[in-house]
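Asker: The structure follows.
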Ligand SMILES: C[S@@+](CC[C@H](N)C(=O)[O-])C[C@H]1O[C@@H](n2cnc3c(N)ncnc32)[C@H](O)[C@@H]1O
């Protein structure tokens with residue numbers, strides 16, 4: 001296997017084919033991902049079929065906002081597959097991980113026991129007032145909730161919790177918003193709603209071949 005090297009994305013490594021993050025909890029795999037040891041370092045392979053953020057990197061994402069001290073509000077954390085890789089990257093930052101469903105939340109709680117930069121919050125992302133007092137202002141909002149009103153939820157969360165000059169990643173599942181329209185039309189509708197609310201779209205991605213269903217908007221406040 002080729003040597004694992006740094007990439008232009010902070011805290012992300014590559015062997016030329018796969019992306020990796022440095023494992024913050026040595027010897028532990030979170031979702032069955034491959035662990036690779038090189039010298040005194042252990043890397044976790046970042047599966048683009050399981051994590052849309054990894055798929056975005058494979059699709060050459062231009063705006064990567066995660067740094068050592070970044071504070072992130074993650075809406076739709078599930079049991080923490082993607083959260084765990086962000087947790088590897090933000091060695092001095094924090095992830096407020098919001099999940100509505102109790103079953104995946106149990107997994108998220110377990111993850112947060114060993115990864116101290118994850119703050120798990122059992123909450124409905126649409127009820128911003130239930131989590132904004134804890135979260136306050138963050139540098140990044142990452143939203144992956146596949147809900148009909150997901151754009152409104154994002155806009156509200158950005159108003160309350162995103163710092164000026166902050167970055168948002170809005171993952172859009174077009175059929176969840178309107179199954180009668182083509183994905184491109186739904187994406188256009190979402191973009192208009194975002195811009196009407198004073199936010200700027202700086203990048204647009206689709207995730208094929210990793211995920212045929214989802215588009216991503218990268219947003220600046
Ligand atoms: C596609 S999964 C997220 C996968 C996760 N982002 C990852 O990459 O590891 C969507 C998650 O959003 C959660 N969700 C849906 N609506 C929500 C809401 N209103 N508030 C919080 N979580 C929500 C679902 O329960 C589900 O766990």
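The values are calculated or read from the model by the stated rules, or taken from the named source; none is laboratory data. Since the model is a prediction, treat every value here as computed from it, not as a measurement. Cβ placement follows ideal geometry from the backbone for every residue including glycine, while neighbour counts extend to all protein chains displayed.
Asker: Report, by residue number, each residue of region 151-181 that is modelled with pLDDT under 95 and either on the phi > 0 side of the Ramachandran plot or not in a helix (DSSP H, G or I) (or both).
Answerer: Passing the criteria: 172, 173, 178, 179, 180, 181.
Yes/no matrix, rows are residues, columns are (1) surrounded by fewer than 20 Cβ atoms within 10 Å (Cβ to Cβ); (2) touching a strand residue (DSSP E or B) at 6+ places or on another chain (Cβ under 9 Å); (3) assigned by TED's automatic domain parsing to the domain that holds residue 126:
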position: 56; (1), (2), (3): no, yes, yes
position: 60; (1), (2), (3): yes, yes, yes
position: 66; (1), (2), (3): no, yes, yes
position: 69; (1), (2), (3): yes, yes, yes
position: 77; (1), (2), (3): no, yes, yes
position: 91; (1), (2), (3): yes, yes, yes
position: 104; (1), (2), (3): yes, no, yes
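Asker: Here is a check on your reading of the model: is residue 10 closer than 26 Å to residue 220 by Cβ and either touching a helix residue (DSSP H, G or I) at 6+ places or on another chain (Cβ under 6 Å) or without any contact (Cβ under 8 Å) to a residue 12 or more places away in the chain (or both)?
Answerer: The answer is no for residue 10.
Asker: Now, a different point. Restricting the search to region 156-193, which residues are under 18 Å from residue 73 (Cβ atoms) and surrounded by fewer than 20 Cβ atoms within 10 Å (Cβ to Cβ)?
Answerer: Scanning region 156-193 gives 156, 159, 160, 163, 164, 165.
Asker: Can residue 83 be described as assigned by TED's automatic domain parsing to the domain that holds residue 141, without any contact (Cβ under 8 Å) to a residue 40 or more places away in the chain, in contact with a strand residue (DSSP E or B) (Cβ under 9 Å, 6 or more places away or on another chain) and within 16 Å of the ligand (Cβ to nearest atom)?
Answerer: yes
Asker: Specify the residue that is nearest to the ligand (Cβ to nearest atom); the eligible residues are those in region 32-54 that are crowded, with 23+ Cβ neighbours inside 10 Å and assigned to a helix (DSSP H, G or I).
Answerer: 53
Asker: Can I ask one more? Among the residues of region 134-154 satisfying the criterion of being within 11 Å of the chain's Cα centre (by Cα) and more than 8 Å from the ligand (Cβ to nearest atom), which is surrounded by the fewest Cβ atoms within 10 Å (Cβ to Cβ)?
Answerer: It comes out as 140.
Asker: So if I check each of 124, 88, which one is more than 19 Å from residue 196 (Cβ to Cβ) and in a loop (DSSP other than H, G, I, E, B)?
Answerer: Matching residue, one of 124, 88: 124.
Asker: If you go through region 58-65 one residue at a time, do you hit one that is in contact with a helix residue (DSSP H, G or I) (Cβ under 6 Å, 6 or more places away or on another chain), part of a loop (DSSP other than H, G, I, E, B) and more than 9 Å from the ligand (Cβ to nearest atom)?
Answerer: Checked region 58-65: no residue is in contact with a helix residue (DSSP H, G or I) (Cβ under 6 Å, 6 or more places away or on another chain), part of a loop (DSSP other than H, G, I, E, B) and more than 9 Å from the ligand (Cβ to nearest atom).
Asker: Scanning region 106-133 for residues that are near the ligand (Cβ under 10 Å from one of its atoms) and under 16 Å from the mean Cα position of the chain (by Cα), which turns out nearest to residue 24 (Cα to Cα)?
Answerer: Among residues in region 106-133 that are near the ligand (Cβ under 10 Å from one of its atoms) and under 16 Å from the mean Cα position of the chain (by Cα), the one nearest to residue 24 (Cα to Cα) is 108.
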